[in-house]
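J.: Structure provided below as structure tokens; questions to follow.
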Amino acid sequence: MKQGNTKISIRDYQFFYGEKQALFDINLDIRANEILSVLGPANSGITTLLRSLNRLCDLIPKVRMQGDILVDGESIYAPHVVVTELRRRLGMVFDVPSPLPMTIFDNIAFGPRLHGKKNRQRLADTVEQSLRMAALWEDVKDRLHMPAMSLSGGQQQRLCIARVLALQPEVILLDRPCSGLDPISTSKIEDSLQLLKKRFTIVIAPHNVQQATRISDSAAFMLMGRLIEVGVGDDLFANPRDKRTSDYITGRYG
């Protein structure tokens, strides 16, 4: 899909945890091959929105939703949609790195093996390619059979990104992936995201406003479950239309 085309469309989307409403009438188009940052203070509904995009929220008891989310023009709630396949297409990386208790190689190969890839050489090629895309190959190429838990926190997070990439997704969802990392590790992940957007659509809840300004092609500001403002390029940061957006970006609250 060429840059500028819509990859994901969110239409009149509302989400409820029991009787508590978490998202209110969200309407948002996400273009292919861009980095969209969704930012806002705590309890803005950003994590709920990200998890809704690949239906991870379905795993929570007593939730319900209204409206629709379309990927390539098709509803993710259509009866024929296989949820496990949807989650492969829209892979998610969480804020806390979660390597599997196995080697670096097996962490990356785990998903492809589940999907039927058994050939050792093809698995090795997939592992290398995924680690290269996540900017981790040079760090680990000589210790692929060491435990993944031996990696630093920043390396573990890039490993988790590589694990998602090994499943050949179309969209990468990142929920504050740099929140616990040092500046050097954060910079490496940000650099890799700029390369990854050439092949994938990326939706990220950034660690802070400064990170959003560095990496975003588009940005959306949310507050208390509502989408307040969307900007392309630096528009939202340089010329916010809503005072609430301006207050958040300038650090007056949040």
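J.: Could you tell me whether any residue of region 83-99 is modelled with pLDDT of 95 or more and over 20 Å from the mean Cα position of the chain (by Cα)?
T.: no
J.: Scan region 197-212 for residues that are among the β-branched types (V, I, T) and modelled with pLDDT under 95 and jot them down. Let's see the steps before the verdict.
T.: Taking region 197-212 as the starting set, the residues that turn out to be among the β-branched types (V, I, T) are 201-204, 209.
Of everything in region 197-212, just one residue is among the β-branched types (V, I, T) and modelled with pLDDT under 95, namely V209.
J.: Scan the helices (runs of 4 or more DSSP H) fully inside region 39-134 and keep the ones with 1 or more residues being closer than 28 Å to Q14 by Cβ and among the charged types (D, E, K, R).
T.: Once the helices (runs of 4 or more DSSP H) in region 39-134 are filtered for at least 1 residues that are closer than 28 Å to Q14 by Cβ and among the charged types (D, E, K, R), what remains is 46-53, 83-89.
J.: Among the numbered criteria (1) more than 21 Å from I202 (Cα to Cα); (2) open to solvent by less than 50 Å² (accessible area, probe 1.4 Å), which one does R64 miss?
T.: Among (1) more than 21 Å from I202 (Cα to Cα); (2) open to solvent by less than 50 Å² (accessible area, probe 1.4 Å), R64 violates only (2).
J.: Here's something else I'd like to know. So the check is Cβ under 8 Å with 6+ separation or different chains; which pairs have a first residue in region 227-254 that's touching a residue at least 40 places away in the same chain (Cβ under 8 Å) and hydroxyl-bearing (S, T, Y) and a second one that's open to solvent by less than 40 Å² (accessible area, probe 1.4 Å) and not in a helix (DSSP H, G or I)?
T.: These pairs meet every condition: Y248/L39; Y248/G40; Y248/P41; Y248/F221; Y248/L223; Y253/P41.
J.: Read through the list (1) without any contact (Cβ under 8 Å) to a residue 60 or more places away in the chain; (2) within 11 Å of A135 (Cα to Cα); (3) of a type outside the set (S, T, Y), then give the number of the only condition that L195 fails.
T.: (1)
J.: Right, something else. Take the conditions basic (K, R), under 30 Å from M149 (Cα atoms) and either touching a Pro at 6+ places or on another chain (Cβ under 6 Å) or open to solvent by 30 Å² or more (accessible area, probe 1.4 Å) (or both) and apply them to R132. Does it pass?
T.: Details: basic (K, R): yes; under 30 Å from M149 (Cα atoms): yes; either touching a Pro at 6+ places or on another chain (Cβ under 6 Å) or open to solvent by 30 Å² or more (accessible area, probe 1.4 Å) (or both): yes.
When the stated conditions are applied, R132 passes them.
J.: Let me confirm something: among L23, L49, L36, L70, which residue is under 17 Å from the mean Cα position of the chain (by Cα), of a type in the set (A, V, I, L, M, F, W, C), modelled with pLDDT of 95 or more and within 12 Å of G225 (Cβ to Cβ)? Write out each step before concluding.
T.: Details: L23 fails: under 17 Å from the mean Cα position of the chain (by Cα); L36 fails: within 12 Å of G225 (Cβ to Cβ); L70 fails: within 12 Å of G225 (Cβ to Cβ).
Answer to the check: L49.
J.: Follow-up question, since we're still on this one. Checking A109 against (1) at pLDDT 95 or above; (2) open to solvent by 70 Å² or more (accessible area, probe 1.4 Å), which single condition isn't satisfied?
T.: The failed condition is (2).
J.: Would you confirm, using the coordinates I've provided, whether M222 is at pLDDT 95 or above and open to solvent by 40 Å² or more (accessible area, probe 1.4 Å)? Give the derivation first.
T.: On the way: at pLDDT 95 or above: yes; open to solvent by 40 Å² or more (accessible area, probe 1.4 Å): no.
No.
J.: Working carefully through the options T103, T47, T84, find the one that is under 19 Å from F16 (Cβ atoms) and either of a type in the set (V, I, T) or crowded, with 22+ Cβ neighbours inside 10 Å (or both).
T.: Going through T103, T47, T84 in turn, the sole match is T47.
J.: Just to verify a result, which residue in region 167-192, among those that are in a loop (DSSP other than H, G, I, E, B) and open to solvent by less than 30 Å² (accessible area, probe 1.4 Å), is modelled with the highest pLDDT?
T.: Restricting to residues being in a loop (DSSP other than H, G, I, E, B) and open to solvent by less than 30 Å² (accessible area, probe 1.4 Å), the top hit is P169.
J.: Taking the criterion of being under 20 Å from C178 (Cβ atoms) and among the charged types (D, E, K, R), would at least one residue in region 106-127 satisfy it?
T.: So far as region 106-127 goes, no, none of its residues is under 20 Å from C178 (Cβ atoms) and among the charged types (D, E, K, R).
The values are calculated or read from the model by the stated rules, or taken from the named source; none is laboratory data. Note that this is a predicted model, so its numbers are computed, not measured. Cβ atoms come from the backbone with ideal geometry, glycine included; neighbour counts cover every protein chain shown. Accessible surface areas use protein heavy atoms only, side chains included; no ligands, DNA or RNA. Shrake-Rupley method; radii C 1.70, N 1.55, O 1.52, S 1.80 Å.
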